[in-house]
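S.K.: Submitted below is the structure of interest, expressed as structure tokens.
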Amino acid sequence: MSEANVSSGEERKEAQSDEKSELSVLRERVALLEREAVEAKRAHEAEITGLKVSHAADMALKDAGAKNLTAARAVIEGFLKDARLTGDGRVEGLLEEISRLKQTGDTAFLFGADETPRGFVPFEGGEETDGVTLELLRKMTPDERHRFSVENPGRYKELYGGDI
């Protein structure tokens, strides 16, 4: 056998060894990328579930009459950490938790009906006026009366019968 044949055989073995080495490196890289993809998918699903829980909690608090969503939310934050969604998109046990909070003395103040704002009464029909009567004018706070007199000097004079 000639030296050229021996040398080319050794080169082939060396090339095959290099290819096997590159192949094993590529397989390791693929395995790493697959693990990273699984972790990323898991993180993404956890984030989406967190957003769904957050939204469902906000809607449940709003429906329960929470006066301040941020404050009420802070109270239930511990409950929400381990919360699970039901098939219909609700947070399991949240309604019971909110009910408990509404009945507890320390947190009941967070819930209740919205207070109707005081002040100007809008026009409700009849003659075309601004809806303000002398009786309503007298029930206004001094600031509201002053604002009305500045915005409607003619009507104020007509109702009050005096100077501004």
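The values are calculated or read from the model by the stated rules, or taken from the named source; none is laboratory data. Everything numeric in this text was worked out from a predicted model, so none of it was measured. Heads up, the Cβs are rebuilt from the backbone with ideal geometry, glycines too, and the neighbour counts pull from every protein chain shown.
S.K.: Return yes when LYS20 is surrounded by 10 or more Cβ atoms within 10 Å (Cβ to Cβ), assigned to a helix (DSSP H, G or I) and free of Cβ contacts under 8 Å to residues at least 12 places away in the same chain and no when it is not. Please lay out each step first, then the result.
M.R.: Working: surrounded by 10 or more Cβ atoms within 10 Å (Cβ to Cβ): yes; assigned to a helix (DSSP H, G or I): yes; free of Cβ contacts under 8 Å to residues at least 12 places away in the same chain: yes.
Criteria met by LYS20.
S.K.: Residues of the stretch 98-130 being modelled with pLDDT under 80 and surrounded by fewer than 10 Cβ atoms within 10 Å (Cβ to Cβ), which ones?
M.R.: Matches in the stretch 98-130: ALA113, ASP114, GLU115, THR116, PRO117, PRO122, GLU124, GLY125, GLY126, GLU127, GLU128.
S.K.: When you scan the stretch 53-70, how many residues do you find that are touching a residue at least 24 places away in the same chain (Cβ under 8 Å) and exposed (fewer than 14 other Cβ atoms within 10 Å of the Cβ)? So that I can check it myself, show each step before the final result.
M.R.: Within the stretch 53-70, the subset touching a residue at least 24 places away in the same chain (Cβ under 8 Å) is 53-54, 56-57, 60-61, 64-68.
Those left that are additionally exposed (fewer than 14 other Cβ atoms within 10 Å of the Cβ): 68.
Matching residues across the stretch 53-70 total 1.
S.K.: Can you tell me which residues in the stretch 131-153 are surrounded by 15 or more Cβ atoms within 10 Å (Cβ to Cβ) and of a type in the set (A, V, I, L, M)?
M.R.: Answer for the stretch 131-153, where residues must be surrounded by 15 or more Cβ atoms within 10 Å (Cβ to Cβ) and of a type in the set (A, V, I, L, M): VAL132, LEU136, LEU137, MET140.
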